[in-house]
Amino acid sequence: MSRVPITLACWDYDRTRALSDGRVRPDGLALTYLDLPVEETFFRMLRHREFEAAEMSLASYVTHVAAAAEPDLVAIPVFPSRAFRHHGVYVRADDEREHPADLAGGVVGVPEYQLTANVWIRGILADRHGLPVSAVRYRTGGMHEPGRIEKQALDLPPDIEVEPIPADRTLVQMLLDGEIDALYAPRTPRPLLAGEGTVRTLFRDPRAEEERYAAETGIFPIMHTVVLRRDVYDAHPWVARSLFTAFERAKALTEVRMGEVAANPYMVPWLVDELERTRSLLGQDFWPYGLDANRSVLEVFLRYAHEQGLTARRWAADELFAPETRETFVI
């Protein structure tokens, strides 16, 4: 039987490498794996639907499903990217503010309002740190290069102000110049990476805040999912389950490799100790795939998306994923 050709655009993660190098072959599929930067993948899939399957920003997918009369993307409950986000709130190094609530009334830069990382940041700051979403004004644009725009049109409530920065400016420079008070972003500003001493994280010890958040909520925030074009899914519904199973098999190989102690497979000297520290906080399977294992995290995200004006109603996690991946047979 001939295999169905599928081009998958996804970044080079350890948990997906067995798919990219062919050690794991999805049943019934002839897979071409395109290793692309996440921003490029999202842009090309959202604007042009170039690939049969792609890694996708969770927020972009949710806003697409919520806004489209007939969504032409459908997700599988695979989550290749997760990250805590307390470290993603940046201010100038000389800024005397110490608490998120101190930003109230200010102007905050965001590469895009609908970025998944920013949905989590705004939700966490509102829920736990006394900074309502509408308490600041938002300015969108490129962090280090001018000209970035929102990938999807937004219809936000009137109490949330979002405006683009001038086409020739960047958010990082505006932060340094004092034109914005803070920056919420998934990427670290270059001046901080370079150790220039001009930018710092708002939280003085973001890891401690993130570990406290994880211990108190049980949440490890989901950033990305995997989507199929609807025409591919409609023609071959079994593709959803086949891809889902392949992603699970690839992740399992990485989990075994991470525990190797005879010879370090990664350039992290205390990797096994770090792995045990993570498991003691987040559980043995701290990076689960599948809907049931992620339902509580997804429901919090969907509440945030609705509260922040990205969806007209609060969606349920079950509405987002291909039915074939929401349950499995038992022998």
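Odds and ends about this structure:
- Extreme residue, positive dipole direction of the chain, given options ALA316, THR188, LEU131 (C-beta unit charges): ALA316
- Of the three principal axes defined by the Cα atoms of the range 99-210, the extents in descending order read 36, 34, 23 Å.
- Rounded tilt (10° steps) of 271-282 against the dominant C-alpha axis of the chain: 80
- Charge dipole of the chain (Cα centre as origin; +1 on each Lys and Arg Cβ, -1 on each Asp and Glu Cβ, all else neutral): 540 debye, rounded to the nearest 20.
- VAL261/ALA194 FRET efficiency (R0 30 Å; Cβ-Cβ; nearest 0.05): 0.30
- Relative to the longest principal axis of the Cα atoms of the chain, the long axis of helix 38-48 makes an angle of roughly 70 degrees.
- Principal-axis tilt of helix 238-258 within the chain, Cα atoms, nearest 10 degrees: 70
- Neighbours of ALA322, meaning other residues whose beta-carbon lies under 13 angstrom from its beta-carbon, give a summed charge of -1 when Lys and Arg score +1 and Asp and Glu score -1.
- Beta-bridge orientation, the range 86-217: approximately 35 percent antiparallel, per DSSP, counting only bridges with both partners inside.
- Cα point-scatterer Debye curve for the range 262-331, base-10 log of I(q)/I(0) at q = 0.12, 0.25 Å⁻¹: -0.56, -1.07
- Separation of the ALA215 and ARG313 label points, Cα + 7 Å toward Cβ, nm: 4.0
- Packing order of peptides 55-65, 293-303, highest average first: 55-65, 293-303 (average count of other Cβ atoms within 10 Å over each peptide's residues).
- Theoretical gain in end-to-end length, LEU154 to ALA167 [0.36 nm per residue, Cα-Cα removed]: 2.8 nm
- Note that the chain carries a Kirkwood radius of 21.0 Å, evaluated over its alpha carbons pair by pair.
- Stretch gain in nm, segment ALA67-ASP205, where the contour uses 0.36 nm per residue and the Cα spacing is subtracted: 45.9 nm
- Förster-model FRET efficiency, 30 Å R0, ASP273 and GLU299, C-beta, rounded to 0.05: 0.35
- log10 of Debye I(q)/I(0), alpha-carbon scatterers only, for the range 150-238 at 0.11, 0.16 Å⁻¹: -0.60, -1.01
- Of all DSSP beta bridges confined to the chain, the antiparallel ones make up roughly 45%.
- Net charge in the neighbourhood of ARG229 (other residues with Cβ under 10 Å of its Cβ; Lys, Arg +1, Asp, Glu -1) is -3.
- Using C-alpha pairs below 8 Å separated by at least 6 residues, the relative contact order for the chain is 26 percent.
- Considering helices alone, the calculated mean residue ellipticity of the chain at 222 nm is -10500 deg cm²/dmol, with DSSP H runs of length four and up weighted by -39500 (n - 2.57) and normalised per residue.
Just so you know, all these numbers are worked out from the coordinates, no wet-lab data involved. Fair warning: this is a prediction, and the values are worked out from it, not measured in the lab. Here the Cβ is made from the backbone with ideal geometry for all residues, glycine too, and neighbour counts use every protein chain on show.
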